[in-house]
Every structure is written in structure tokens, then in C-alpha cells.
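The values are calculated or read from the model by the stated rules, or taken from the named source; none is laboratory data. It should be emphasised that the depicted structure is a prediction, and the values quoted were computed from it without experimental measurement. All Cβ positions, glycine included, derive from the backbone under ideal geometry; neighbour counts span all protein chains shown. These area figures cover heavy atoms from the full protein model, side chains too; ligands, DNA and RNA do not enter into them. Shrake-Rupley method; radii C 1.70, N 1.55, O 1.52, S 1.80 Å.
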Amino acid sequence: MSQTKPTIDFGFTDVPLQEKVKKVKGVFDSVAGNYDIMNDVMSLGVHRLWKRHTIELSGIRPGKVVLDLAGGTGDLTKEFAKRVGKEGKVVLADINESMVRVGRDRLINAGITGNVEYTITNAEALAFPDNTFDLATIAFGLRNVTNKDKALEELYRVLKPGGQLMILEFSKVTQPLFAKFYDFYSFNILPKMGKMIANDEASYQYLAESIRMHPDQETLKQMMLTAGFDKAEYLNMSEGIVALHRGWKY
Amino acid sequence: MNTSTNHTSLPLLSLSKTIEVALNTAMRLDDEQGKAFTPLEDKVISLTLTPIESPLYLIVTNTRISVQTTLQGEADAGIQTTLIDFASLPIQRQLPHAKLSGDTQLAQDFINALCTLDIDWEEQLSHYTGDLIAFKIGHGIRSFFNAQQGVKDTVSQTLKEFLQFEIEAVPTQSQVKRFCHEVDDTTTQTNALEARINTLLTPS
């Protein structure tokens with residue numbers, strides 16, 4: 001009797017469940033060195049505004065403990081570290097060692113030291129005790145996680161009561177005409193830019209595909225509530241190209 | 001659809017970023033590198049710049065200031081002033097009509113620290129232009145402001161003399177003093193007269 005192995009999406013392709021982590025790792029190993037410059041080129045610099053908005057809405061203050069999951073090259077960690085002060089702490093966590101290395105070097109070069117910890121961890125099995133963080137963020141990382149429901153449960157677990165989760169992620173464009181232009185850009189221009197700048201067309205083709213496979217705004221909000229969050233809401237940015245979901249643990 | 005009830009408008013976001021960049025640049029260029037802010041470390045100041053209603057939150061850490069539009073919990077101290085007064089702080093070196101709340105000493109210390117920021121613009125400019133050109137530009141700007149002050153003083157004096165002596169529309173300071181003195185004298189005499197009348201009316 002033949003038994004079919006469970007599969008999961010990797011962009012528009014189905015791959016065996018265990019394969020996705022390796023394949024995502026391959027993508028980010030490949031783009032790590034050019035990740036920041038590609039982000040600027042791809043979003044025309046708007047990703048900085050999305051991240052700034054996220055930081056502003058976090059309401060973070062000195063003394064708080066923050067988890068920047070899938071923190072990559074440390075954009076959010078850098079700003080949170082400035083705000084939590086010497087009494088607070090920011091943990092930059094990512095499954096990809098290459099990204100953490102790039103992020104750590106970048107932050108040290110920017111003079112951000114003393115209140116930042118770096119760790120390599122899987123979002124589905126966070127290596128932190130229950131009720132550890134006042135704030136957890138995952139920016140442009142959740143769509144690469146194999147089991148998103150499990151990751152959300154883990155994020156809920158490590159938040160302190162009263163803590164907040166912020167998910168910044170590509171989402172579903174709300175304006176139909178703009179959606180058509182965005183699709184054309186994502187599948188025709190973006191991979192070519194990836195080839196020109198990072199010499200890596202396939203990785204950027206995956207990025208475009210993975211965005212389309214990611215749950216839309218309402219679905220993700222429902223997933224957060226199912227994972228245990230007591231309240232969830234979202235804010236569309238740039239016509240829904242990106243959505244900021246926020247969930248609270250009471 | 002947007003289900004969020006709490007989001008920051010783009011202009012406010014821009015203002016917070018602008019103030020953050022301006023303050024940190026000033027601290028970096030300050031002769032003392034913003035040392036005056038050290039006692040304020042890990043404190044949060046709420047800054048309301050009327051006519052903008054939403055406050056900005058200034059977080060002081062490690063001699064740098066982060067600015068954001070929302071805050072978990074309450075700020076340690078609050079400052080309410082006008083956007084114009086705050087913008088002219090580098091020139092005026094004071095916030096005369098600021099309303100302080102919360103830890104008012106902390107708020108005052110923050111204002112004092114802002115006022116002590118001292119940037120040697122000529123020195124900064126000389127890195128790009130060389131000493132001579134930087135001095136000439138600095139000298140030109142100082143001369144301009146001195147001349148501007150001179151014109152302002154002359155116009156003010158001429159207007160004062162015209163109003164006081166030519167058309168006699170407003171009194172001079174000595175006239176006002178004399179008038180006040182005469183009012184005081186009249187009040188004293190009236191009081192004395194009232195007392196005398198009361199004495200005469202009182203049956204002995």
C-alpha cells in the first residue's frame with residue numbers, strides 16, 4: 001500500500017513538509033548578503049516606512065523585553081534596542097544563521113551593543129520560557145514558516161500577559177486595478193531585478209510566489225485568534241501590499 | 001477593509017521622524033555630545049506641539065533620543081508648547097509658554113538640556129569648505145543678524161518717538177509713572193477725606 005507524504009507550498013510548488021525549511025534556508029542563504037539593498041530596490045524604500053510604522057505602533061518604552069523573530073538583518077532590532085534602553089532587552093532570533101550573522105555585524109557596526117541577544121531558533125519551537133516577552137514581532141518572516149499555526153501558538157506562549165504580537169507581512173492588495181499592476185511587477189520585474197542585483201532570479205521568483213500563497217488579512221487574523229490571542233486586528237499599508245496584524249495576550 | 005482603531009497618520013509619522021533626526025543630529029554636533037541628557041536616561045517625555053493634538057513620546061537612551069507616536073503606559077513627564085516655539089528653540093534658547101506636567105522637574109531638566117545644545121556651525125562647515133570660507137560665511141551670517149537687529153532697533157525707536165512725541169498718541173514711560181503717582185496721591189487723599197468725614201459724622 002502506497003502512502004503519500006504530506007506536502008506544503010514552497011511558492012507555487014508543493015514540496016514534502018520536511019523540505020520547506022531547507023529550501024527556505026537556501027533562499028535566504030543566497031540573498032543574505034544583498035538582502036537590504038534588494039529590499040530598498042524592490043519596495044522603492046517604502047519598506048522602511050512600513051517598519052517605522054510598526055515601531056511607532058508598538059508603543060515600546062525603556063525596560064521592556066522584545067523578541068524580533070525572523071529578525072534577519074536587524075532593521076527592527078536596531079530601533080527597538082535604542083528604545084528599550086539598558087534596562088530592557090531585544091532578542092534577534094532567526095532560523096537562518098547567515099541572516100543572523102549579517103544582522104549581528106550590522107548592529108555592532110552601528111554601535112548597538114549590550115542590550116541585544118542573537119539566537120538561531122525555529123519559530124515553531126521557540127527556545128524561550130513561557131511569558132518571557134512584552135512584545136514580539138515577526139516582519140516578513142511568517143510566510144516562510146512551514147507550520148504557521150504552530151508558530152503563532154509559540155509566539156502566544158512566550159508573550160507575557162498583556163504582551164503584544166506584531167506581524168508585518170505582505171498581504172492581499174485591496175484595490176483591483178492596483179493588484180493587476182502589482183502582479184505584473186512581482187512576476188515579471190521583481191525576478192529580473194533579483195537577477196541583476198543579486199544574480200539570483202529563482203529566489204526572488206520564490207519571494208513573489210510565497211507572497212501570493214500567504215493567508216490574506218482576514219484569514220491571518222482568524223488564525224491568530226485560533227492560536228489563542230484574546231484580541232487581534234490588522235492595518236493595511238500601501239493598499240494592502242503589506243498588512244500589520246496585532247494580537248494581544250490578556 | 002481596515003479593522004484597526006489605532007494607527008498613526010503619515011504626517012505625524014513624518015513629524016516624529018523629522019524631530020528625531022533633528023534632535024539626534026544636534027546632539028551629535030553638540031560640543032558636549034549631548035552630555036546634558038545623561039541624567040534623563042531611560043526616561044520618557046511626552047511632547048505636545050499645538051495645534052497638533054496627538055503627543056509625541058521622546059525616549060532618552062544612551063545620549064540619543066527616539067521619537068514615537070504611541071506609548072505603552074504613561075510618560076514620566078509632559079511638555080506642552082506650540083510647534084513654532086519648539087521650532088525656534090535653537091534661536092530663542094527657551095520655551096517661555098510651555099506647560100509642564102507629571103514630573104515637572106524632569107520636564108524642566110529636559111528643556112534645559114535642549115537649550116544647552118551648542119553647535120559650532122562654523123567648525124562643522126569648515127570640514128566641507130575649509131576654515132577661511134567657513135569663517136567668511138559665519139562672519140556674513142553674524143553681520144546679517146547684527147544688521148537685522150540694528151534695523152529692528154532703529155525702526156522701533158523711530159516708531160516710539162513718532163507715537164509719543166509727534167502725534168502724542170501714547171504716553172512716555174515718565175508720563176505713565178507720573179500719572180500712576182497722581183492716582184496714588186488722589187487715592188490717599190480720598191481715603192483721608194473719607195476718614196475725616198466718618199469722624200465728623202460719628203456722634204461724640
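Annotations for the structure displayed:
- Residue pairs meeting the criteria (Cβ under 8 Å; at least 6 apart or on separate chains; first more than 10 Å from chain B (Cβ to nearest Cβ), in segment A:231-245; second aliphatic (A, V, I, L, M)): A:Ser238/A:Val46; A:Glu239/A:Val173; A:Ile241/A:Val173; A:Val242/A:Leu168
- Hey, A:Arg101 charged (D, E, K, R) and open to solvent by less than 20 Å² (accessible area, probe 1.4 Å) or not: no
- A:Leu76 among the aliphatic types (A, V, I, L, M), under 15 Å from the mean Cα position of the chain (by Cα), open to solvent by less than 10 Å² (accessible area, probe 1.4 Å) and within 14 Å of chain B (Cβ to nearest Cβ): yes
- Evaluated against (1) assigned to a loop (DSSP other than H, G, I, E, B); (2) within 26 Å of A:Gln217 (Cβ to Cβ), A:Leu155 falls short on exactly one condition, (1).
- Residues of segment A:214-228 include none that is aliphatic (A, V, I, L, M), more than 13 Å from chain B (Cβ to nearest Cβ) and either over 25 Å from A:Ala93 (Cβ atoms) or surrounded by fewer than 18 Cβ atoms within 10 Å (Cβ to Cβ) (or both).
- Within segment B:110-149, if we keep just the residues that are open to solvent by 60 Å² or more (accessible area, probe 1.4 Å) and among the polar types (S, T, N, Q), the residue that is nearest to B:Asp76 (Cα to Cα) turns out to be B:Asn112.
- Segment B:1-108 holds helices (runs of 4 or more DSSP H) entirely within its bounds, and those carrying 3 or more residues that are within 14 Å of chain A (Cβ to nearest Cβ) map to B:10-29.
- Residue count for segment A:83-98, restricted to those that are open to solvent by less than 30 Å² (accessible area, probe 1.4 Å) and either more than 30 Å from A:Lys22 (Cβ to Cβ) or not acidic (Asp, Glu) (or both): 9
- Qualifying residue in segment A:171-182 (condition: open to solvent by less than 40 Å² (accessible area, probe 1.4 Å) and modelled with pLDDT under 85): no
- With respect to the stated conditions, B:Thr70 is in contact with a strand residue (DSSP E or B) (Cβ under 8 Å, 6 or more places away or on another chain) and either in the same structural domain as B:Asp85 (by TED's automatic domain parsing) or open to solvent by 30 Å² or more (accessible area, probe 1.4 Å) (or both).
- B:Ala107 surrounded by 15 or more Cβ atoms within 10 Å (Cβ to Cβ), within 15 Å of B:Val60 (Cβ to Cβ) and of a type in the set (Gly, Ala, Ser): yes
- Only helices (runs of 4 or more DSSP H) whose full extent lies in segment A:12-101 are considered here, and the ones with at least 3 residues that are in contact with a strand residue (DSSP E or B) (Cβ under 9 Å, 6 or more places away or on another chain) and in contact (Cβ under 8 Å) with a residue 24 or more places away in the chain are A:19-31, A:46-58, A:75-84.
- Pick from segment B:109-135, criterion of a type in the set (Gly, Ala, Ser) and either touching a residue at least 60 places away in the same chain (Cβ under 8 Å) or in a helix (DSSP H, G or I) (or both), ranking: nearest to B:Thr25 (Cα to Cα): B:Ala113
- Residue count for segment A:216-242, restricted to those that are touching a Leu at 6+ places or on another chain (Cβ under 7 Å) and small (Gly, Ala, Ser): 2
- Test result for B:Asn198, part of a helix (DSSP H, G or I) and loosely packed, with under 10 Cβ neighbours inside 10 Å: yes
- For B:Ala169: the one exception among (1) surrounded by 11 or more Cβ atoms within 10 Å (Cβ to Cβ); (2) not in a helix (DSSP H, G or I): (1)
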